[in-house]
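Each value in this text was obtained by applying a stated rule to the coordinates, not by laboratory testing. Keep in mind it's a predicted model, so treat the numbers as computed, not measured. No Cβ is skipped: glycine too gets one built from the backbone with ideal geometry, and neighbour counts run over all protein chains shown.
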Amino acid sequence: MTDYFVESVGSVPTLYVFRNIFEAKEISEQIQLFAGIYEEELNKSFIEFWSLNSDKILAERLWINETNREPIWFAESDVESYQNFCEQIYVEQYQIYIKIYYEYYKHLHKSLTEKFDDLPISCEEEIDASFVDDFEKLQLLGLPTAFGRGTVVKQTKSKRSYPKVYSGYFSDEDNDCATVMDPVKINDLKDDDVKNSGTSSVHDIEVKVIGKKKKNRKLKGVPDFVLENKEILKYWRKRFSLFSRYDDGIRLDCESWFSVTPEKIATHLADRLSCDLIIDAFCGCGGNAIQFARTCNRVIAIDIDPIKISMAKHNAKIYGVDHKIDFIIGDFLQLSRCGRFHSDIIFLSPPWGGPKYKRKDHYDIENYLQPCSASSLMETAKSISENVVFYLPRNTTISQVIKLADKGNRCEVEHNYLDSRLVAITALYGESILKEKDI
Ligand code: ADP
């Protein structure tokens, strides 16, 4: 079994969100619609992505130089170097975007039609990103080419300088004891290698093949509780992507390491779902509730497990938002029956059944979710709010997600990628929280 290390540039993984609105009706019609305008959708989507994220991405690259952990500087007068730097990042992002968008499209297509061999030809062509090898060509594609100026600029670095590549882990395997070998270009890999890898989430910016277990991997600096439970090691290595303030004393139990929403996704969802009152019905150790507290006036965070609630409270304190959250220990299903809860939005991140969920080809939300089926959860949630959001496994059967909207109604399906790894699917129900594609 070959695993891949797909790398991106920057200190933290980049979040890519792709979304589509569906009506709960004949599914084949919808995929046809989307297929007809693939290229247009791709470019529209990239323009939206770049307009929302370019400042953040450029700032990350400017401020964190992975080689020596120092910022990159450009002199005030050296406009050209700065412009070149921005162009380089822009082209690189577009190349990555094409690959991930294609993965997204394939995922949607496969999940909705359950056929893998009838992707439109124009779409297959898109996977060759090498044609976008310079900035001028992007200009010809009509994509935006204007960049803002960085804020603090003091001294010149010799010529152009780019930060080193950051390595993100993208294996589906639970075992993280692997060796990183020489980088290879994806183009050098045979098709079979890719197929056998169990993951097709690769792009040709930088790919490293991970070999078999190395016996004496350095475990220097790894805390005892991780050494005692090696399953956590993979998650511990990504600790700052789960909680950027991990080092301030974040508390997580074993279950939470596997199930907490990575901070970039939680932040994105909180920005999207900003409202007066939101309920987080399965709050766990607080990853989502903490971010909701930033953007909503009030948060009700429910969990059946008192230990989870005490960790969530502690973690919320670290982020300075505990005063905005009402923590409730209790069974969400029982609490909802009392009829006293009403909110603008209800957010459901129910148990997926532990890390084993990944092994299923199609995750059946009617049978595998706990404590009850998605339809029952939806019915319960609807008695509390007309706006319902589900945070679901990446292998969720999309047709079931659409069905949950009920005939005549619509839902939005978001694919949440961190770098090239599809982490989860977010499904949104309720007209007032759907986001039309209007760019
Ligand atoms: P996963 O299977 O995704 O790892 P978890 O097992 O961590 O998910 O479950 C998410 C959270 O939901 C946990 O903190 C768990 O205590 C909580 N939970 C489970 N059942 C209920 C329930 N009926 N009401 C409220 N919270 C619940």
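Computed extension gain for K25 through D224, at 0.36 nm per residue and net of the alpha carbon distance, reaches 66.4 nm. Of the residues I318, I37, I100, the one with the fewest other Cβ atoms within 10 Å heads the list, and the complete ranking is I37, I318, I100.
In the range 275-337, the DSSP beta bridges split such that about 0 percent are antiparallel, to the nearest 5.
Under the rule a/c < 1.5 gives rounded, and otherwise a/b versus b/c splits prolate from oblate, where does the range 279-342 land using the Cα gyration tensor? Oblate, because a/c is 1.5 or more while a/b does not exceed b/c. Ranked for footprinting exposure by Cβ neighbours inside 10 Å, fewest first, K360, K106 give K360, K106. The overall shape of the range 372-439, judged from the alpha-carbon gyration tensor, is oblate: a/c is not under 1.5, and a/b is no greater than b/c. Going by neighbour counts of Cβ atoms within 10 Å, the residues C285, C275 line up, fewest first, as C275, C285.
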